[in-house]
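Undergrad: Would you mind keeping the following structure in view while I ask a few things?
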Amino acid sequence: MTKATTAISVSGLVKTFGRTRALDGLDLHVETGEVHGFLGPNGSGKSTTIRVLLGLLRADSGTTRLLDGDPWRDAVELHRRVAYVPGDVTLWRNLSGGEVIDLYGRLRGGLDTRRRGELLERFELDPTKKGRTYSKGNRQKVALVAAFASDVELLILDEPTSGLDPLMEGVFRDCVAEERDRGRTVLLSSHILSEVEALCDRVSIIRRGVTVESGSLTDLRHLTRTSVSAELADEPDGLSGLPGVHDLSVRGRRVRLQVDTDKLDGVLRRLAETGVRSLTSTPPTLEELFLRHYQDEPGKPGGLGNGAAADGEEVVAS
Amino acid sequence: MTAVAQPAAAARRDGSRRDLAGTGTLLRLALRRDRVLIPVWVLLLTVLAVQNAAAVEQFYPTAAERAELVASMNANTSMRAVYGPAFSSSLGGLAVWEMLTIGSVLIAIMSMIIVVRHTREEEETGRQELISAAMVGRRAPLTSALLAAAIANSAVAALVALGLTGVGLPAGGSLVTGLALGGTGLVFAAVAALAAQLTESARLAKGLTGAVLGAAFVLRAAGDSGTTDGSSPLAWASPLAWARNARPFADERPWVLLLSLGLAAAVTAAAYELAGRRDIGASFLATRPGPAAGRINGPYGLAWRLQRGSLLGWGTGLVLAGLVFGAMAEGAGDLLGDNEQSREIIERMGGASGITDAFLAAMAGLFGMITAVYAVGAVLRMRGEETSERAEPILAGAVPRLRWAAGHLLFAFAGSAVLLAACGLAMGAGYGLAAGEPGAVWRVTGAVLAQAPAVWALAAVAVLLLGAVPGAAAAAWGLVGGALVIGWLGPALDLPRAVMNLTPFTHLPKLPGGDPAAAPYLWILLAAAVLTAAGLAAFRRRDIG
C-alpha cells in the first residue's frame, strides 16, 4: 500500500439540505501523520463535513479525497482503514460495551486485542455493562477504546471527549499522541481549546460552511493581535495613525492598545522614541484567537487570513 | 392521637398532590406532540365505524336478508370465531357485529401507542430526565399519558356515537357502541401503562401489551366459537368481548361497560403503585451484565441480536393462535347446513371448496396479514437504527450499505416465512388433532406458508419507502393496516373487486382447497422483488440520517 502524503483533501465542498446550505465551498487538507484540529462554532458544518468524508452523506459538488479514494464510491474499502468516534455515542440497550467494541473492531481493519485490554484498563471501563447503563462519558469511552484499538490509518474524532472527566481527558491526549507517534493521522473536531493546543499540529477553522483559516497554531497566532500597555516618559503622539493599531486609549502618559502582531515593530519603535518607563506585552490567548474567528460577521466571511483583521472594528472579549 | 393523625393525613394528601405536579403542562406537551397522530387515529376509527354502517345498509337493504344473514352467521362456529356472534339483525346490529372486533383491536393499538410514547419511550430516550428534573411529580408523566389516551378514546366514543346517529341509527345503540369502543381503549391504555412500568424498553412494553391483546383476541374467538350468545366464560374473560356483550342495537346492556371501566381502573392503580416506587428510567425487570468480549461478527450478527427477540415473541403468539384456530376449524362445516350467506362470506374469505377448507384458508389469509405487520416492523427497524444514529458508526465501518440492510431484510423476508411455517404447522396440528386427520398438517402448513409472497410484497413497499422517502417510511404501517382492514371487512361487506384488489392477499389462490395456480405467486413475487430492488437502489444513493 503506498502512502499518500495527503490523508484528507477537500476542496469547494458544497452540501445542501433543502434550502439550508450546510457546506458552502469548504476546503480541508490534512497531511498524512499529522493531528489536525477541526474547529468552528456550533452548526458551522463540522459534523456534516465528517459525514461526507465517511460516505454517509453525498456531496452536492466539490472534490473530496480520503486516503486517496473517493469517500462515496470507495466507502467500504476506505472504512477498513478509518476509525470514527461520534460526539454522541448511542449504544444498543441490550448489548454489552465489550460486544460493541469488538463489533466496531471487526467492522474495521480488525482489533488489536492486547491493546484493547490495555485501553480498557487505562480508560477504567467495565465492558460487561449493558448499553443502557453507561453514562455519557462511558459511552464515549466505548467508542474511543474501539477506535484506538482498531488497526487503522486514520482516526476521525468528532468532539470525542464530551463527557470525559479531566483524568480521562488526559488518557485521551496520551492516546492521540501515541497514535501520532505510530504514524497515524488524526482529524480532531473539538471545542476544547487546550486540547487542540496540546495535540494539534495544524488547525482548520470553519464558519457557516466555509473554511476561514487554516495553518499551524504559530501561523495563526502571528495573524492576530498583541495587547500592549506602557507607561511612557512623555505623552505619546501619532500612535493612532500607525497601521494595525486598535482600541487605543491614552490617559496622560499611560497607553493601552492592541496591535496586529505583525505590526508590532512599528508600535514599539514609536513608543521607544517617546521613551518607555514600563511595558507589558501580552501575546494573544488561544481563546482570543478563536473568538475572533467564531464571531459572527455577516458579509465578512474571510476572517483574518484575507485582510479583515486590518479593519479593527471587531470587539474582542478579553 | 387525632392531633397526630390529622397532619399525617394532610401530608399524604399533600404528597399525592405533589406527585401530580405539572400534569397539566405535560398533558399539553403530549397533545402538542400528538397533534397529528391522535386526530388521524380518531378519524380513521370513526370513518371505519360509520362507513361500515353505511355499507351494511347498501349490501343488505331488506330486513329479511339481514335476518337470514344473522341466523346463518350465528349458526356457524367459525364465523362466530372470526366476527363474534350477532345479537340483532337490525341495520345497527349488523354494522356493529362486523366492526366491533376489529374496531376494538385498533382502538387498543391506538391507546397503547399513545401511552407508551409518553411514558417508557420518554424514559428510554432520556428526555424524561430533563422533564422530571423540573417541577414535575413522580406520577405526572403517567397521568398525562393516560389523560391523552383518555381524550383520544373519548373523542372516538363521541364521534362514533354522533356518526352512527348521523347515518340514521338509533341514538341509544350508537352511544353504547361509542362508549364500548372507548372503554376497550381505556382498558388497553391501562395495560400499556402497567407494561411501561415493568419493562425498560418501549419496544418491550408494546410487545407485552400486544401479547395481552393477542391473548384477549384468542380467548374471545375460542369463547365465541363455543356459544352463540357470547355467554361463554372464556369470552367474558376477554376485554375484547365486553364491547359486544354490551349488545349495542340489541336490548343494550350498558352495565357491561362498567367491567371495562373497572378493569381499566384496577390496572391503572397497579401502574400508579409501581410508578411511585421506582427510579426514573429503571424497570422492575432487571438487566443483567453482558459478556466482556463479543462474538457479533458483522451486520448479520448484529441484526440477529437486535431482531431475534421480536421474532421469538411473534412466533410464540402465532403458534398459539394457530393451534387454537386450527382446532376450531374442526366442525366448521357441521353447523352450516344450507345457510347460503355465511357460506358466501367465508368463501369470499377462503375460497369455494368446502366450508372447513374455506375457514382454514380464511385463517391462513388472516395470519398472513398479521405476519405482514411483523415484516413491516422488521424493515422499519432499519429506520429506527438510522434515526437513533446507531447505524452511523456501523456504516462508518467497512460495511456496504446493502449488507447492513440485508441483515435486517433477512428477518423481514426469511423471518416472516419462518413465522408462517411455524404458524401453519401449529394450525395444521391443531386441526389434525381435533379432526382426527393428522395428514392435514402438511396441507395446512403449505396453505399458510403460501401467504409469504403477499407478506413480502408489503415488506417490499416498506423497503421502497425506506429507500426513496425515508421521512415517510412509517406510512408503511398505514398500508399494512389498510390491508388488514380490507381483508377483514371486505368479505363480510362484499366490497367491490377494485377495493379488494388493493391488497396483495386478494390475489393469492385460496388454499387449502383452491387451485394453487403458479401465475399469481410469480407476479406477486416479481412485484416484491422489483420494489425491494428499487428501494435498495435508492437507499444506496441517499444520505444517511
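Throughout, read-outs are computed from the coordinates displayed, never taken from laboratory work. Note that this is a predicted model, so its numbers are computed, not measured. Because the Cβ atoms are built from the backbone with ideal geometry, glycine has one as well, and the counts that use them run over all protein chains shown.
Undergrad: If N is the number of residues in chain B, what value comes out of its Cα radius of gyration divided by 2.2 N^0.38 Å? Spell out each step's value before the answer.
TA: Details: Rg = 24.2 Å, N = 545, 2.2 N^0.38 = 24.1 Å.
Compared with the compact-globule rule of thumb, chain B sits at 1.00.
Undergrad: Also, I was wondering about something else. Using a simple charge model, +1 on the beta-carbon of Lys and Arg, -1 on the beta-carbon of Asp and Glu, nothing else, what dipole does segment B:32-175 show about its Cα centre, in debye to the nearest 20?
TA: About 400 debye.
Undergrad: Then there's this: Show me B:31-40, B:391-400, B:270-279 ranked by packing, highest mean number of other Cβ atoms within 10 Å first.
TA: Numbers: B:31-40: 13.8, B:391-400: 22.3, B:270-279: 15.7.
Packing proxy ranking, top to bottom: B:391-400, B:270-279, B:31-40.
Undergrad: Taking the Cα-to-Cβ direction at A:Arg115 and at A:Thr16 and moving 7 Å from each Cα, how far apart do the two end points lie in nm?
TA: Simple spin-label model gives 4.2 nm for this pair.
Undergrad: Once phi is turned into θ = phi - 60°, what whole-Hz ³J(HN,Hα) does the Karplus curve with 6.51, -1.76 and 1.60 give for every residue of segment B:236-250, x standing for Gly and Pro?
TA: 5, 6, 9, x, 6, 8, 5, 4, 5, 6, 6, 6, x, 6, 8
Undergrad: Moving on to the next point. As I understand it, the value is the acute angle between the Cα axis of helix A:97-107 and the longest principal axis of the Cα atoms of chain A; what does it come to in degrees, rounded to 10?
TA: Between the helix axis and the principal axis of chain A, the angle is about 90 degrees.
Undergrad: Just to compare against my own numbers: the Cα pair-distance distribution for segment B:298-544, 5 Å bins, whole % per bin, please.
TA: Pairs per bin, as whole percents: 1, 7, 14, 17, 18, 15, 11, 8, 5, 3, 2, 1, 0, 0.
Undergrad: Return the percentage of antiparallel bridges among DSSP beta bridges fully within the protein assembly as shown, rounded to the nearest 5 %.
TA: 70
Undergrad: Measure out, as a whole number of angstrom, how far apart the alpha-carbon centroids of segment B:488-508 and segment A:157-181 sit.
TA: 62
Undergrad: Let me ask something else. How big, on average over all directions, is the shadow cast by the Cα convex hull of segment A:224-295, in nm²?
TA: So the mean shadow area of the Cα hull is 4.6 nm².
Undergrad: Just subtract the alpha-carbon distance of B:Val36 and B:Ala293 from 0.36 nm times their residue separation and send over the number in nm, one decimal.
TA: That pair, B:Val36 and B:Ala293, stretches by 88.1 nm at full extension.
Undergrad: Tell me which of B:Trp456, B:Val444, B:Ile370 sits at the most positive position along the dipole axis of segment B:298-544, charges placed on C-beta atoms (Lys, Arg +1; Asp, Glu -1).
TA: Comparing the listed Cα positions along the dipole, B:Trp456 ranks first.
Undergrad: Put a dot 7 Å past each Cα toward the Cβ at A:Leu264 and B:Trp477; how far apart are the dots in nm?
TA: Label-label distance for B:Trp477 and A:Leu264, simple model: 6.3 nm.
Undergrad: Is it possible to state the helix-based mean residue ellipticity at 222 nm for the protein assembly as shown, with each DSSP H run of 4+ residues giving -39500 (n - 2.57), the sum divided by total residues, to the nearest 500 deg cm²/dmol? What is it?
TA: -19000 deg cm²/dmol
Undergrad: In addition: Which log10 I(q)/I(0) values does segment A:99-247 give at q = 0.14, 0.16 Å⁻¹ under the Debye formula, counting every alpha carbon as one identical point scatterer?
TA: -0.77, -0.93
Undergrad: Would you work out the charge dipole size for chain B about its Cα centre, treating the Cβ of every Lys and Arg as +1 and the Cβ of every Asp and Glu as -1, and quote it to the nearest 20 debye?
TA: 2000
Undergrad: If you don't mind, there's one more thing I want to ask. Averaging the inverse of every distinct alpha carbon separation and then flipping it gives the Kirkwood radius. What is it for segment A:1-117, in angstrom units?
TA: When all Cα pairs of segment A:1-117 are included, the Kirkwood radius is 15.9 Å.
Undergrad: Hand me the tally of lysine pairs in the protein assembly as shown: alpha carbons under 27 angstrom apart, and the pair either on different chains or 8 or more positions apart.
TA: The number of close lysine pairs in the protein assembly as shown is 12.
Undergrad: To the nearest 20 Debye, how big is the dipole of segment B:298-544 about its Cα centre, given +1 on the beta carbon of each Lys and Arg and -1 on that of each Asp and Glu?
TA: In debye, rounded to 20, segment B:298-544 gives about 1100.
Undergrad: Taking beta carbons within 10 Å but only from partner chains, what does the mean come to for residues B:299-305?
TA: 2
Undergrad: Based on the Kirkwood radius over alpha-carbon pairs, what value in µm²/s does the Stokes-Einstein equation return for the translational diffusion coefficient of chain A at 25 °C and 0.890 mPa s?
TA: 114
Undergrad: Add +1 for every Lys or Arg and -1 for every Asp or Glu among the other residues with Cβ under 13 Å from the Cβ of B:Trp41, and state the total.
TA: +1
Undergrad: Work out, step by step, the length gained on full extension between B:Arg253 and B:Gln58: first 0.36 nm times the residue separation, then minus their alpha carbon distance; give nm to one decimal.
TA: Details: separation 195, 0.36 × 195 = 70.20 nm, distance 2.76 nm.
Residue separation times 0.36 nm, minus the Cα-Cα distance, leaves 67.4 nm.
Undergrad: So what is the orientation-averaged projected area of the protein assembly as shown, using the convex hull of its C-alpha atoms, in nm²?
TA: Approximately 48.2 nm², given one-decimal rounding.
Undergrad: Could you sort B:57-68, B:105-116, B:372-383, A:182-193 so that the peptide with the highest average Cβ count within 10 Å comes first and the rest follow in order?
TA: For the peptides B:57-68, B:105-116, B:372-383, A:182-193, the packing ranking is B:105-116, B:372-383, A:182-193, B:57-68.
Undergrad: Which distance in Å, rounded to a whole number, links the C-alpha centroids of segment A:72-127 and segment B:294-311?
TA: The distance from the Cα centre of segment A:72-127 to that of segment B:294-311 comes to 16 Å.
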